[in-house]
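The values are calculated or read from the model by the stated rules, or taken from the named source; none is laboratory data. Since this is a predicted model, take the numbers as computed values, not measurements. Cβ sites come from the backbone with ideal geometry, for glycine too, and all protein chains shown count toward neighbours.
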Amino acid sequence: MASIAQIVLLLTDAELPVNADNINKVAKAANITVRSFEVETVVRALSKKSVESIIASAAVAAPSAAAAAPVAAAAAAPVAAAKKVVEEKKEESDDDMGMGLFD
């Protein structure tokens with residue numbers, strides 16, 4: 001599917017129509033195997049929206065995703081600390097039982 005996306009971008013940049021025939025021609029010229037149902041799915045999706053509008057909407061969504069990354073990292077820190085505490089308690093509880101491997 002990634003190769004189809006690259007072919008679509010290539011066709012768009014060359015100002016050629018994005019259709020199944022052109023996608024298949026470029027794929028054949030580049031010796032890339034593409035599945036016909038994936039090509040049809042992409043062509044069907046692009047009949048409703050232009051590549052430019054999809055790229056524009058992705059560019060608008062990207063800053064909000066970048067802003068969410070520090071929040072996710074901040075949320076992960078307490079989880080990691082809690083796991084460390086749990087692991088330490090497990091290790092201590094093994095010693096208290098007096099049944100070590102080499103006792």
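Which residue is surrounded by the most Cβ atoms within 10 Å (Cβ to Cβ), if the candidates are limited to the range 12-22 and must be outside any loop (DSSP other than H, G, I, E, B) and more than 23 Å from the chain's Cα centre (by Cα)? Quick ask: steps written out before the conclusion?
First pass over the range 12-22, keeping only residues outside any loop (DSSP other than H, G, I, E, B): 12-13, 20-22.
Within this subset, residues satisfying the condition of being more than 23 Å from the chain's Cα centre (by Cα) are 13, 20-22.
Details: Asp13: 9, Ala20: 14, Asp21: 10, Asn22: 18.
Ranking the qualifying residues of the range 12-22, first place goes to Asn22.
If Glu40 satisfies all but one of (1) acidic (Asp, Glu); (2) in contact with a helix residue (DSSP H, G or I) (Cβ under 8 Å, 6 or more places away or on another chain); (3) not in a helix (DSSP H, G or I), what's the number of the condition it fails?
Failing condition for Glu40: (3).
Go through Ala14, Ala27, Ala59 for me and flag whichever is modelled with pLDDT of 60 or more and touching a helix residue (DSSP H, G or I) at 6+ places or on another chain (Cβ under 7 Å). Quick ask: steps written out before the conclusion?
Values: Ala14 fails: touching a helix residue (DSSP H, G or I) at 6+ places or on another chain (Cβ under 7 Å); Ala59 fails: touching a helix residue (DSSP H, G or I) at 6+ places or on another chain (Cβ under 7 Å).
Within the list Ala14, Ala27, Ala59, the selection yields Ala27.
Residues of the range 23-35 being in a helix (DSSP H, G or I) and without any contact (Cβ under 8 Å) to a residue 12 or more places away in the chain, which ones? Step through it out loud before you land on a result.
Keep residues of the range 23-35 that are in a helix (DSSP H, G or I), which gives 23-29.
Lys25, Lys28, Ala29, listed by residue number.
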